[in-house]
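A short reminder: the numbers here are calculations on the coordinates, not readings from a lab. No experiment lies behind these values; they were computed from the predicted model shown. Positions of Cβ are backbone-derived with ideal geometry, glycine not excepted, and every protein chain shown enters the neighbour counts.
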Amino acid sequence: MSQFLPSVIITGTGAYAPANVVTNDDMAKIVDTSDDWIRSRSGISERRFAGDGESTSDMAVAAAAQAIDAAGIDRSEIDLVIVATMTPDMPFPSTACIVQSKLGLGNITAFDLQAACSGFIYALNTGSNMLRSGAYKKALIIGADKMSSVLDFEDRTTCVLFGDGASAVILEASDSAGVGILDSITGSDGSNPELLYQPAGGSSLPASTESVTARQHYIKMNGKEIFKLAVRVMGQVSCDILERNDYNTAQVDLVIPHQANMRIIDSLAKRIHLPLEKFHNNLDRFGNTSGASIGLALDEAFRAGRIRTGDLVLLVAFGAGLTWGSTLIKWQ
Ligand SMILES: CC(C)(COP(=O)(O)OP(=O)(O)OC[C@H]1O[C@@H](n2cnc3c(N)ncnc32)[C@H](O)[C@@H]1OP(=O)(O)O)[C@@H](O)C(=O)NCCC(=O)NCCS
C-alpha cells in the first residue's frame, strides 16, 4: 500500500451531448405541451436525445476521452473507473466494465454507482476517498444517462424535462495540501421511493408483457413534492458543507447545481442568499441529464473560464431515492 496522500484534485474535465437537438416545439409535436409552458415551468428550451444505437456507454466513452486528453495522462495510468448512471447499457454487467473495454483501459477496478441525479457527487465522493486511501492513483469518474430510454413519450409531465448526455473528470492524488476536493456530504431518504421511480424491470417487478403494457418501465414522478424537497435538501446540504469547512456563502465563487429546473435553482439561490450570477446553468440547452448534469455544467464552466485557480466551487445535487449531496472544491 502506498503512502497516505492528503489531497485529490481534478486534472481534466470532459463532456458529451448527442448531436440530435430536440426543441420544445419538437416536443409539442409528440405530447400536448408548448414551448411557453416548458420554458416558464422549467427553464428548458431544448435537450439532446441519443441517436439510434447510441448507448449510455458510448456517451460515457466520448466524455471520458475528452477528460483524459484534458488531464494529459495516458489511459494506462488510470486505475479506477466509476460510472454514475441510472440508465446502464443493461442491468449487468456494469456500464463501467463496458467503458473499461471500449476505452482500452487496463484490467482495473470498474463499477457502476446508482444514486440517480446525485450520482456524480456520490461518485466524486467515493472516488476521492478511494484515492485518499492510497490504494488508487488516478480515477476516471463518469456521470452518464440516456434518459430518453426511460421516458414515457405519452406523459407530458415528465418527458419534456429530461435529456441525454455524459460528463467525466479525472481525479488524481496530490501531495499539495488544502486544494482540490475539500469535502463531500451525501445523504438519502428511501422512505418514499414512489416520488420518483421506474416501477418495473427490477427484481420486485420483473419485465413482463403486463408491465410493458402498463408502461411501468418508464419514469413516474410526483413533480410538486420533488420540487419542494429539492429546494429544502439542496439548501441544507449546501449550508452544511460550507459550515463544516469554515466557509460562508459569500466566499463561494461558483455554484454548480443539479440542472433539473430553473425555478428550483432560483429558490435555492434565495434560500442560501447567493445571487444567480454565482450559479452556472445550462439546463436551457440540455434539460435534466441526471447523472451527467453536474459534470456537464462543470466542464462547460471550466472551459468558459468561469473557474480559475483558487476558486471555491460548490456542487450540489438531489435525485431519486431520495438522494442528495454536495461537494466543495478549491480549484487547483
Ligand atoms: C414538473 C414541474 C415542472 C411541474 O410544474 P408545476 O408548476 O408544479 O406544474 P403542475 O404540476 O402544477 O401542473 C400545472 C398544469 O400543467 C399541466 N402540465 C403538466 N405538464 C405539462 C406540459 N408538459 N405541458 C403543458 N401542461 C402541462 C398539468 O397537467 C397541470 O394542469 P391542470 O392544472 O389542468 O391539472 C415541477 O413540479 C418540477 O419541476 N418538479 C420537480 C421535478 C424534478 O426536478 N424532477 C427531477 C428530479 S432529479
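Looking only at residues in the range 256-274 that are in a loop (DSSP other than H, G, I, E, B) and more than 24 Å from residue 180 (Cα to Cα), the one that is farthest from the chain's Cα centre (by Cα) is 273.
Taking the range 241-289 as the range and being among the hydrophobic types (A, V, I, L, M, F, W, C), surrounded by fewer than 23 Cβ atoms within 10 Å (Cβ to Cβ) and under 17 Å from residue 47 (Cα atoms) as the test, only 262 passes. The residue that is surrounded by the most Cβ atoms within 10 Å (Cβ to Cβ), among those in the range 65-93 that are touching a helix residue (DSSP H, G or I) at 6+ places or on another chain (Cβ under 9 Å) and of a type in the set (S, T, N, Q), is 85. Among the residues of the range 155-207, those that are among the aliphatic types (A, V, I, L, M) and in a loop (DSSP other than H, G, I, E, B) comprise 160, 161, 177, 179, 200, 205, 207. Applying the condition of being of a type in the set (Ser, Thr, Tyr) and in contact with a helix residue (DSSP H, G or I) (Cβ under 6 Å, 6 or more places away or on another chain) to the range 290-332 and asking which residue is surrounded by the fewest Cβ atoms within 10 Å (Cβ to Cβ) yields 323.
The sole residue among 180, 163 that is surrounded by 24 or more Cβ atoms within 10 Å (Cβ to Cβ) and either within 12 Å of the ligand (Cβ to nearest atom) or not basic (Lys, Arg) (or both) is 163. Those residues that are more than 16 Å from the ligand (Cβ to nearest atom) and of a type in the set (A, V, I, L, M), I need them from the range 254-274; list them, please. 254, 255, 272, 274 - these are the residues of the range 254-274 that are more than 16 Å from the ligand (Cβ to nearest atom) and of a type in the set (A, V, I, L, M).
Condition check ((1) away from the ligand (no atom under 16 Å from the Cβ); (2) under 15 Å from the mean Cα position of the chain (by Cα); (3) not aliphatic (A, V, I, L, M)) across all residues:
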site	(1), (2), (3)
218	no, no, yes
237	no, no, no
246	yes, no, yes
252	yes, no, no
276	yes, no, no
280	yes, yes, yes
284	no, no, yes
296	no, yes, no
301	yes, yes, no
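The helices (runs of 4 or more DSSP H) located wholly in the range 1-104 include none with 3 or more residues which are aromatic (Phe, Trp, Tyr). On inspection, residue 121 does not qualify as over 17 Å from residue 290 (Cα atoms) and among the aliphatic types (A, V, I, L, M).
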